[in-house]
1. What number in nm² do you get for the chain if you take the convex hull of its Cα atoms and divide its surface by four?
2. Work out the charge dipole of the stretch 27-310 with +1 on the Cβ of Lys and Arg and -1 on the Cβ of Asp and Glu about the Cα centre, then indicate which of A94, A231, A78 is farthest towards its positive end.
3. About its Cα centre, what dipole magnitude does the stretch 283-377 give when the only charges are +1 on Lys and Arg Cβ and -1 on Asp and Glu Cβ, stated in debye to the nearest 20?
4. Under a plain spin-label model, where a point goes 7 Å from the Cα along Cα-to-Cβ, how far apart in nm are D224 and H243?
5. Kindly state, to the nearest 0.05, the FRET efficiency for L132 paired with T327, given R0 = 35 Å and r defined as their beta-carbon distance.
6. Return the sequence-ordered ³J(HN,Hα) values of the stretch 247-264 in whole Hz as given by the Karplus equation 6.51 cos²θ - 1.76 cosθ + 1.60 applied to θ = phi - 60°, using x for Gly and Pro.
7. May I ask which residue of V283, A363, G118 lies farthest towards the positive end of the charge dipole of the chain, with charges of +1 (Lys, Arg) and -1 (Asp, Glu) on Cβ and the Cα centre as origin?
8. How far apart, in nm, are the 7 Å Cα→Cβ label points at A169 and R43?
Amino acid sequence: MSRAPYAVQPGSSRGRLHAEPEAATRSPFQRDRDRVIHSAAFRKLQYKTQVFVNHEGDFYRTRLTHSLEVAQVARSVARELGLDEDLTEALALAHDLGHPPFGHAGEAGLAEAAAGFGGFDHNAQSLRVVTLLESRYAGFDGLNLTWETLEGLAKHNGPLADPPAYIRAYDARHRLDLSRQPSAEAQVAAVADDIAYTGHDLDDGLRAGLFGIGEIGALPLAGDALAAARALGEGLAPSRLRHETVRRVIDFLITDLVAETRRRIAALAPRSAEAIRAAPGPVVGFAAETAAALGEIRRFLHARMYRHWRVARMVRKTRLVAAELFTLLHAEPGLLPEEWAWAAADRAETVTDYVAGMTDRFALDEHRRLTDPAATG
């Protein structure tokens, strides 16, 4: 399929910070995607929380399965819009590389504990991972991804008027056009994130029994999806009814996103990726009615899932674990493993990188080793 004129063209990439020969069999963005998949940070996502901590069940989403679902949605949308699928996929797979253990609870705990030392932002940490912390290559730190992938990661949620410290520092030596819109590919990856987590949080919340299938019947969009699923037959098993409902929600969101984005693109009439970046607002998005319905579903999930007492208890505990890990290690950097001691010139930065890179299981074990006299190691 040929790319639209407003798509990012791999042959016109702005290249990499460190020059490398091009691959004979892959485009620059395919190489980016492959480097993300083979990174240590990507593998760790298998054991990092989405909503439920890893040990709470084998069927709940993790950061890894979430990233794969985002990539699937993003690539499908990119194909429909004539965008570069490989760049879109690379961004979707990389967007959560900077998340610490325990999901947003871990991020909140780490940010609070590190507040006096620059704080913590998972989007900035994602850029830090791919430009500095991954140490696989002899010639440079990080993964040396293309400018277009780095731009999309930095501007994951749109233009940055007040970027976090690391993004600001990186931009000073490798300009990422932070004040302009991201590419259409980056915009698709960001909205695909919203679609994926809305669908799978409905699925996981129902599976966990945090709310019942009947309770979503009053919600816009989700209620219509449930009615259509029920129309398939009276004897549909609960698990099938759940799946048929959720997949209809996802399908509706993708269909609406493609239609509304095509409408916006037709109105803008961009002839290049630069025209997308220069636009006054995002070109990728939902129709107003769908955006409002999605807002209601999110409010329902916040009330019935994210603030459910079972989830809230685990959030409280894991938030404390992340905060205490930073506080303990920052107060006594001699407790850091030997391989991290060399980087302790900036103590807070080193400890933040160490804690953010932990999986759920390792963070719990490390916290136990540091606080429980009976623990060994």
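1. Mean shadow area of the hull around the Cα atoms is 20.5 nm².
2. Farthest along the dipole direction, towards plus: A94.
3. In total the dipole reaches around 820 debye.
4. Distance between label points: 2.4 nm.
5. Details: r = 24 Å, r/R0 = 0.68.
The formula returns an efficiency of 0.90 here.
6. These are the phi-based 3J(HN,Hα) values: 5, 6, 4, 5, 4, 5, 5, 5, 4, 5, 4, 5, 5, 5, 5, 4, 5, 5 Hz.
7. Comparing the listed Cα positions along the dipole, V283 ranks first.
8. Label-label distance for A169 and R43, simple model: 2.7 nm.
FYI, it's all coordinate maths here, none of it is from the lab. Just so you know, these numbers come straight off a predicted model, no measurement behind them. Note that each Cβ is placed from the backbone with ideal geometry, even for glycine, and that neighbours are counted across all protein chains shown.
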